[in-house]
Amino acid sequence: MIARLTEDARFSAIFDKLKDRHPIGRFGEPSEIGEAVKWLLSDAASFMNGAAMACDGGYLSILAEVNRVQTEPNGSRQRTRQIIPLAATTSGMAY
């Protein structure tokens, strides 16, 4: 779906940055979304009712990216990047 956009020089840098932030490092394939839809339409999902199901490879589990800069005793600066996971569901209840 987005293959043409990722090949476009105007958008490739943006998509590379998004993929870098994504927990699994890539975008989902249409067939992966289709498998979730197929399951929802099957009898196996008969008890599923009124719930939102994220099919995003974990992207919504990311709360924030924190960049920290620490100054070493020798004066050099060490930059670290940390991804902080979300500690609550979308309804605000801890899991």
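Points to keep in mind about this one:
- Compared with the direct C-alpha span, the chain from residue 76 to residue 22 gains 16.5 nm at full extension, assuming 0.36 nm per residue.
- Ranked by how many other beta carbons lie within 10 Å on average, peptides 11-24, 44-57, 68-81 from highest: 11-24, 44-57, 68-81
- Ratio Rg/Rh, restricted to the stretch 3-85 and using Cα atoms, in which Rh is the Kirkwood radius: 1.17
Rule-based calculations on the coordinates, nothing more; no lab input. The structure presented is a predicted model; accordingly, all values stated were derived computationally and were not measured. We place every Cβ from the backbone using ideal geometry, glycine too, and count neighbours over all the protein chains shown.
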